[in-house]
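Here is the structure we will look at.
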Amino acid sequence: FFSSSVVPMENSYGVLDTITATAAWIWQPIAGKRPPPDLPPPKDSDLVWEAYATCRRDPTKRGRTQPQGWRGDEMDCGEDSFMLTERVLGVADGVGSWRKKGVDPSIFANRLMENAKSYVDTDRDFDPLSVMQKAYSQICKKKEVKAGSSTAVIASMVNNDGLMKVANLGDSGLMVVRDQKCHFLMEEKQWQFNTPYQLTAPPPNWGSSPYGDQPEQSAVSSVQLQEGDLVVLGSDGLFDNLFPNEIAEIVSHANQKHTSLFTQWMRPALSVKATSELLKERVFVASQDRYRNTPFSQDAEKHGLRYGGGKSDDITVIVAKIMRRSELQIGRS
């Protein structure tokens, strides 16, 4: 992870991996569809993001989650899931307690993200709350899963000038890193300690009335991004184990500029893909450290509970670097 050369990507996925050479422009029409009429034609000066996702299953959990064909990868994210499109990023974290009722928590999380991606691709809907509403509504109306629940965070680049909107329901999270510091940290929604808001598909015997939390209860915010910003999304496996300043320090490798060979050796510049992998591995190390001070252990102490060290969990992270379209074109050539 201390070289910008080829890094093994056994469990990672990126936007650039899925866009063919015939779709070089980030706003190229998908599957013959035209861009929405309210967005101008693409320009070299547009702000876009280069984004990569990676994940790691909690080693304490048995089994393996089936590969997600709709996502086109072989990753095992455990009970987490994610989606990447040109304009919209999302992370979902299935609620593990469903396993006690014989339900695989990953099914709901994966279907939620699959539906979200489908609506973005077909409807060209870039409002994060609307995307969450549609994805969840389809699960409930079509009874696509027998039961389950999940947290969700969805972020959208809604114009070509870097305006990002975010909807977050639960304890997954998002932050913006600027100048190697945490510039913005998205609000979480929790009922109480370690009890996040969550979207739910109740079993048939629970009745047909709406159950649990609704997308409208999400924390909603917007951020004006600028060139060089880094957007980080993750499940609670990330934000329970690393503090925002630690995350900022790690991902800032993607923006590192060097004036000498010495500085390059001391703090190497990494690609967005390699930075995502580095962040995932640092989170994993923290999650397995029984003596480390972590956000989760601090929060537990505030609630009168004794909990030492990191919290073993599924880990999903997305790192997105904001750049001009012209720079992204160079990266693809």
> Using θ = phi - 60° and the Karplus form 6.51 cos²θ - 1.76 cosθ + 1.60, what ³J(HN,Hα) does each residue of the stretch 101-106 get, whole Hz, x for Gly and Pro?
Replying inline: 9, x, 10, 7, x, 5
> For the stretch 308-322, in order, what is each residue's ³J(HN,Hα) by Karplus, 6.51 cos²θ - 1.76 cosθ + 1.60 with θ = phi - 60°, in whole Hz (x at glycine and Pro)?
Replying inline: x, x, x, 10, 5, 6, 5, 10, 10, 9, 10, 10, 10, 9, 8
> When the accessible area of the stretch 119-161 is split by element with a 1.4 Å probe, what percent falls to carbon and sulfur?
Replying inline: 49 percent
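Suppose the chain between SER137 and GLU301 were pulled fully straight at 0.36 nm per residue; how much longer would it get relative to their current alpha carbon spacing? Show your work: numbers first, answer last.
Working: separation 164, 0.36 × 164 = 59.04 nm, distance 3.74 nm.
Contour length minus Cα-Cα distance gives 55.3 nm.
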> Quick one: Karplus J couplings for the stretch 125-130, per residue in order, coefficients 6.51, -1.76, 1.60, θ = phi - 60°, nearest Hz, x for Gly and Pro?
Replying inline: 8, 10, 8, x, 5, 4
> For the peptides 177-183, 150-156, 84-90, 101-107, what is the packing order when you average, over each peptide's residues, the other Cβ atoms within 10 Å and list the highest mean first?
Replying inline: 150-156, 84-90, 101-107, 177-183
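The values are calculated or read from the model by the stated rules, or taken from the named source; none is laboratory data. It should be emphasised that the depicted structure is a prediction, and the values quoted were computed from it without experimental measurement. Glycine gets a Cβ as well: all are built from the backbone with ideal geometry, and neighbour counts include every protein chain shown. All accessible areas refer to the heavy atoms of the entire protein, side chains included, with ligands and DNA or RNA removed. Shrake-Rupley method; radii C 1.70, N 1.55, O 1.52, S 1.80 Å.
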